[in-house]
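Participant: Starting off with a structure, shown below.
The values are calculated or read from the model by the stated rules, or taken from the named source; none is laboratory data. All values reported here derive from a predicted model rather than from experimental measurement. Neighbour counts are summed over all protein chains in view; Cβ atoms, including those assigned to glycine, are modelled from backbone coordinates with ideal geometry.
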Amino acid sequence: MRALILGGTREARELAQLLQNDNWHVTSSLAGRVKEPALPVGEVRIGGFGGPAGLASWLLQEKVEVVIDATHPFAERISVSAAEATRATGIPLIALHRPAWVPQERDHWIPVASMAEAARVVARDYHHIFLTIGRQQLAAFSKDPHNLYVIRCVDTPEVDLPKRHRMIFSRGPFTLADEKQLMRDNQIDCVVTKNSGGELIRAKLDAARELGIPVVMVQRPELPGGPRIIEVHTAQEARDAVYKV
Ligand code: NAP
């Protein structure tokens, strides 16, 4: 009973624990982007596979019986790789992605299709912008010389940043009180986030609603689907699904 979990998320770590409890041989795979990642139990490998073909060879070599794509919903390329490699090898694929957030009453969300669109909207309409988007796509905002960007991420960004910015290094989770404090202290008039979903990081949305601050919400990319891929939303559902493939 050998499983590969494509990870980098809390759900992936929870699933590694659940499958290990069931005596599966679990390997979790991380991309290697974060300097000190939170590690799951069991075996961990770090770094890319070399596209779908590289992943397919790895799966065959390691005699993997099921793949669980538990990556972040915005990690599009590895999800495509998982779909292609499992189709080529005939190994079952379970896609574990937490549900997207949906707006509540009094939320003021501005949905956008890309980070480039988010950057255009905020540069035009806002002044003190809270970027909580990780660090890889910060360069989209770097051409705006006028407005102030408060950037929160885990590790130091290695891309161009907007001229006027303040960095906050923190991993979370964050409380509603902390998020409101941060937004008030920095006179935030707009929050930018990806629609990652998940309870542990949603306090920023509650804080924005309570303070009447608009949220520019980057919509999720279209991930591979279809009847061959079993789609689940929680680690427990993924754990149950591995016995049905
Ligand atoms: P991505 O654009 O889909 O992947 C780019 C390349 O990185 C992939 O083609 C693959 O290289 C490698 N890769 C990605 N995830 C991997 C994994 N779990 N194990 C081994 N190789 C992996 O991914 P990304 O958006 O850069 O995200 C990278 C990782 O960070 C993912 O594991 C994801 O779960 C986590 N993460 C991402 C976000 C986000 O907002 N994107 C947020 C939180 C956590 P090869 O083609 O060489 O195999």
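Participant: State all residues of the stretch 123-148 that are buried (at least 16 other Cβ atoms within 10 Å of the Cβ), free of Cβ contacts under 8 Å to residues at least 40 places away in the same chain and farther than 18 Å from M167 by Cβ; if no residue qualifies, say none.
Facilitator: Residue satisfying the conditions is A123 alone.
Participant: Restricting attention to the stretch 1-35, which residues are in a loop (DSSP other than H, G, I, E, B) and either touching a His at 6+ places or on another chain (Cβ under 8 Å) or within 14 Å of the ligand (Cβ to nearest atom) (or both)?
Facilitator: Once the filter is applied, which keeps residues that are in a loop (DSSP other than H, G, I, E, B) and either touching a His at 6+ places or on another chain (Cβ under 8 Å) or within 14 Å of the ligand (Cβ to nearest atom) (or both), the stretch 1-35 yields M1, G7, G8, T9, A31, G32, R33, V34, K35.
Participant: Could I ask something else about it? Take D160 and decide whether it is away from the ligand (no atom under 16 Å from the Cβ) and exposed (fewer than 14 other Cβ atoms within 10 Å of the Cβ).
Facilitator: Against the criterion (away from the ligand (no atom under 16 Å from the Cβ) and exposed (fewer than 14 other Cβ atoms within 10 Å of the Cβ)), D160 qualifies.
Participant: A follow-up question, please. Answer yes or no: is there a residue in the stretch 41-56 that is over 29 Å from L200 (Cβ atoms) and either of a type in the set (V, I, T) or more than 9 Å from the ligand (Cβ to nearest atom) (or both).
Facilitator: yes
Participant: Restricted to the stretch 57-90, and to residues that are in contact (Cβ under 8 Å) with a residue 12 or more places away in the chain and near the ligand (Cβ under 7 Å from one of its atoms), which residue is farthest from P221 (Cα to Cα)?
Facilitator: The residue in question is S81.
Participant: Which of the following residues is outside any loop (DSSP other than H, G, I, E, B), touching a residue at least 40 places away in the same chain (Cβ under 8 Å), outside the structural domain of R87 (by the TED database) and over 24 Å from V66 (Cβ atoms): A208, A177?
Facilitator: A208
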